[in-house]
Amino acid sequence: MRNIVAGNWKSNKLLKEGEELIADINHGMPSLRKTDVIVAPPAPYLAHYAANGSKSSHVMLSAQQCSVNSAGAHTGEFTAEMLKSCGVNHVIIGHSERRDRFGETYEVVRNKVKEAVTANLHVLLCCGESLAVREEQGHFELIAEQLKDALMHIGPELMANITIAYEPIWAIGTGVTATADQAQEMHQFIRKQLTSSYDSKIAKATRILYGGSCKPSNADEIFGKPDVNGGLIGGAALDAESFLALISASEAS
Ligand code: PEP
């Protein structure tokens, strides 16, 4: 199975800065034996990057979210199908910042996953617990619940369109990283959940990324764990050198 190293730029970079970053990533890219490289720039740039990207680019594009609705009178929204029509093939859904700051409920996440898969986008589905939940030892139960709910409409035949990103909220943008053992423990748990919801073949084939202050100094250890298939990267994806180091760590894992 191929790893994924995906960079979530959030609300950072202007159009030209992002273009330069993608060019620098392409320029420094090692030959990719086992890693798919994805960046998720701000939505207004996606069509431009898709249209102007060189044919030899190894960087795929993702949106950071999409509408829960399909086409219609939803001012300001962009649909999964629109993303697809711009040449975008991936979308992040259920990021904790969307859940916490933009009120994305379980129902919204579940329906966004359905919309995205129906539009033939590959979904990077985020799950993760807060520090309070971890301290109360509720993290396994919460992750099981988040996944079961978000994947409610996704039958086994659609699971090839899903990658899971485990992102403990207490590690996102905080500089605090889950230990490699904590990541492995949760990823193994997620795979077990997929085995019981689907089957062991699907569980084995589904990529599970770690996200939360992942950086070159900790990537070797985290990516080296058997159930970690790469990372969803925030801060360290904003700089070509550190993002390339993460890609190299994935290649070496
Ligand atoms: C993220 O927001 O998905 C993330 C992993 O951020 P950071 O790497 O900055 O913790």
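The values are calculated or read from the model by the stated rules, or taken from the named source; none is laboratory data. Quick caveat, the model's predicted, so the values are computed rather than measured. Cβ sites come from the backbone with ideal geometry, for glycine too, and all protein chains shown count toward neighbours.
Determine the pairs where a residue that is over 16 Å from Leu121 (Cβ atoms) and in a loop (DSSP other than H, G, I, E, B), located within segment 93-104, has a partner that is within 11 Å of the ligand (Cβ to nearest atom) and not acidic (Asp, Glu) with Cβ atoms under 6 Å apart, the partner being 6 or more residues away or on another chain.
That search, which allows pairs on different chains as well, returns Glu104/Arg98.
So Cys66 ticks every box in (1) within 16 Å of the ligand (Cβ to nearest atom); (2) closer than 21 Å to Gly128 by Cα but one. Which box is left unticked?
(1)
Looking only at segment 215-240, count every residue that is under 21 Å from Ala23 (Cβ atoms), more than 15 Å from the ligand (Cβ to nearest atom) and either within 15 Å of the chain's Cα centre (by Cα) or assigned to a loop (DSSP other than H, G, I, E, B) (or both) and tell me the total.
0
Could you please find all residues in segment 151-170 being within 16 Å of the ligand (Cβ to nearest atom) and part of a helix (DSSP H, G or I)?
The initial filter retains those residues of segment 151-170 that are within 16 Å of the ligand (Cβ to nearest atom), namely 163-170.
Selection gives Ile169, Trp170.
Can you find a residue in segment 111-123 that is under 26 Å from Gly173 (Cα atoms) and either within 16 Å of the ligand (Cβ to nearest atom) or without any contact (Cβ under 8 Å) to a residue 40 or more places away in the chain (or both)?
yes
Scanning for something part of a helix (DSSP H, G or I), at pLDDT below 95 and within 16 Å of the ligand (Cβ to nearest atom), does segment 171-187 turn up at least one residue? Steps first, answer last, please.
Taking segment 171-187 as the starting set, the residues that turn out to be part of a helix (DSSP H, G or I) are 171, 180-187.
Now restrict to residues that are at pLDDT below 95: 171.
Add one more test, that the residue is within 16 Å of the ligand (Cβ to nearest atom), and what stays is 171.
Taking every residue of segment 171-187 in turn, at least one turns out to be part of a helix (DSSP H, G or I), at pLDDT below 95 and within 16 Å of the ligand (Cβ to nearest atom).
Any chance segment 187-205 includes a residue that's in contact with a Pro (Cβ under 7 Å, 6 or more places away or on another chain) and crowded, with 20+ Cβ neighbours inside 10 Å?
Checked against the condition, which is being in contact with a Pro (Cβ under 7 Å, 6 or more places away or on another chain) and crowded, with 20+ Cβ neighbours inside 10 Å, segment 187-205 yields no hits at all.
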